[in-house]
1. Which number in (1) within 13 Å of the chain's Cα centre (by Cα); (2) at pLDDT 95 or above; (3) away from the ligand (no atom under 16 Å from the Cβ) marks the one condition that MET171 misses?
2. Just to check your reading of the model, which residue among ARG50, ARG112 is assigned by the TED database to the domain that holds ILE205 and either of a type in the set (Phe, Trp, Tyr) or within 13 Å of the ligand (Cβ to nearest atom) (or both)?
3. Which pairs have Cβ atoms under 8 Å, sit 6 or more apart or on different chains, and link a residue in the stretch 70-90 that is farther than 27 Å from LEU135 by Cα and within 15 Å of the ligand (Cβ to nearest atom) to one that is of a type in the set (Ser, Thr, Tyr) and outside any helix (DSSP H, G or I)?
4. Looking at VAL29, is it of a type in the set (Val, Ile, Thr) and either open to solvent by 20 Å² or more (accessible area, probe 1.4 Å) or away from the ligand (no atom under 11 Å from the Cβ) (or both)?
5. With (1) within 16 Å of the ligand (Cβ to nearest atom); (2) within 19 Å of ALA146 (Cβ to Cβ); (3) surrounded by 19 or more Cβ atoms within 10 Å (Cβ to Cβ) as the list, and LEU55 as the residue in question, which single condition is left unmet?
6. Among the listed residues ALA43, ALA20, ALA63, identify the single one that is near the ligand (Cβ under 9 Å from one of its atoms) and open to solvent by less than 10 Å² (accessible area, probe 1.4 Å).
7. Of all residues in the stretch 98-116, which are in contact with an Asp or Glu (Cβ under 7 Å, 6 or more places away or on another chain) and closer than 12 Å to ALA146 by Cα?
8. Would you tally the residues in the stretch 67-95 being outside any helix (DSSP H, G or I) and open to solvent by 40 Å² or more (accessible area, probe 1.4 Å)?
Amino acid sequence: MADGQLIEFDHATKRFGAVAAVSDFSARVNPGVVTGFLGPNGAGKTTTLRMLLGLERPTSGTATIGGSRYAELRNPARVIGAMMEDPGFRPRRSVERHLTTAAKAAGIPLSRVGELLSFVGLENDADTRIAALSLGMRQRLSAATALLGDPGVLVLDEPANGLDPEGIRWMRTLIRGLADEGRTVLVSSHVLSEVEQIADEILVIAHGELKFAGTMEDLADPRTGPVVVDAADRSALSVSLKDAGYEFEILRSGLTVRGSDAATIGGITARAGVALTTLQQRGPTLEDVFLDLVHDRYVPPAPVADETALFDLPVASAEPVADPSTGSGSGDSTDDAHTTVAEPVEASEDERPLIDDADITVPEPVEAPASAEAPAEERPLPGISDLAAVASLFANPVTDPNIAAAGIESAEVQDSESEPAESDAEDLDRTRVIDVVPSFDSEPADHAADVAEGSDDEHGDSSDDEQR
Ligand SMILES: Nc1ncnc2c1ncn2[C@@H]1O[C@H](COP(=O)(O)OP(=O)(O)OP(=O)(O)O)[C@@H](O)[C@H]1O
């Protein structure tokens, strides 16, 4: 099986003219865990991934895989696979042909194509033109392309995009399985609930800068979630909060106040004479923490030396705000997650402003655990008729002697309808996903010769080229 390798960004910076897309970005992505890469639109996620994949040259700094820049990898398709947002598929090409072309160009045995078609559940769509695929099926095809070289490192840009619930579950299971096998899995997303469910470690980027790197447990302090407060007289409640300088969001469950605590809010409303019907201090969801990070009001959780500190609210009458056993908010993101209810409290002197001026601090990157825990819920991957075949998919690297014996030569003899190698190379230049497979320049000479030698004129899809 392919080994996961450490991804390292070392002061990686990318400017486009006056735009600093990524600034001084330093982070590590560990093998054997799923690392979520979060950031709002325009934060610099794609640019960061493109630097890693050799698609953008850093203005300064480096992005490396196992210590090597992408351009230095001898056979990149066997080291790193990527699912990018815009895979650059050629719509008139069939599913199988797309994979076959990419496999040949990367020197990967064509036997992998059939395995991967089954693995991603597209075995009945081998002859379907890409234009006819749903968005979810295209995502599966992207996943198959990324896995062609059985790489130890996977970079997935918004992999859940366009997937239905079953597809999302499939993708989640795939991602978890890849990490559990020891691979390095970096998943960019802005679907926070999705990341919350699959990521062991998190990188948050905003305005091109790293805002957080660490585990889910490092990220969220159960004492620092929003306060939900409500009253029969909502307008009086709103006025009291506004007068005290708080901003809030009006939701069905009540007014949500961030950057404060139940004791403080209870004190304010008590002084204003507002009778409350709800006063809840919630554990933070990833969304809460994410918004705080992006808006520079995140306060890292303080280390808890003494468990009683968890109950050390400023007002004696307040109930405990969290059950330490519930952890950090890395699980359920539903409304009631990590919610505890504080009794209405007396006024507190300890009123904090909404925006905290504390500097953002970035914890040291964490070390990968020796092995990730198996997910609580394991289901067979949809679309896989033969689980043994699935097991062998990941058990047999492309260097497996059996596959090697079948090798490029025999595969290409079978592939008598393949298109000329030059055309393959041209295809690769036009795509982003298969940009991560090696160019002929970086191929070992024998591979390049094999691919060129084994390529015959293709008639099955020639209309593609005419239509371009
Ligand atoms: N080729 C380019 N030329 C000029 N500016 C660019 C280029 N690529 C990205 N940018 C700018 O760099 C910044 C970061 O963009 P990037 O696409 O990396 O963000 P992102 O986090 O991936 O956003 P999204 O989630 O919307 O895809 C943005 O301001 C974007 O406009």
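The values are calculated or read from the model by the stated rules, or taken from the named source; none is laboratory data. Only a predicted model underlies this, so the values are computations on that prediction, with no experimental measurement involved. Cβ sites come from the backbone with ideal geometry, for glycine too, and all protein chains shown count toward neighbours. Surface accessibility is based on the protein's heavy atoms, side chains included, excluding ligands, DNA and RNA. Shrake-Rupley method; radii C 1.70, N 1.55, O 1.52, S 1.80 Å.
1. (2)
2. Sole residue among the options that is assigned by the TED database to the domain that holds ILE205 and either of a type in the set (Phe, Trp, Tyr) or within 13 Å of the ligand (Cβ to nearest atom) (or both): ARG50.
3. Within 8 Å, no pair qualifies.
4. Here the answer is yes, as VAL29 does meet what is asked.
5. Every condition holds for LEU55 apart from (3).
6. Values: ALA20 fails: open to solvent by less than 10 Å² (accessible area, probe 1.4 Å); ALA63 fails: near the ligand (Cβ under 9 Å from one of its atoms).
On inspection, the qualifying residue turns out to be ALA43.
7. Residues of the stretch 98-116 in contact with an Asp or Glu (Cβ under 7 Å, 6 or more places away or on another chain): 100-101, 104-105, 107, 110, 113.
Passing the criteria: only VAL113.
8. 7
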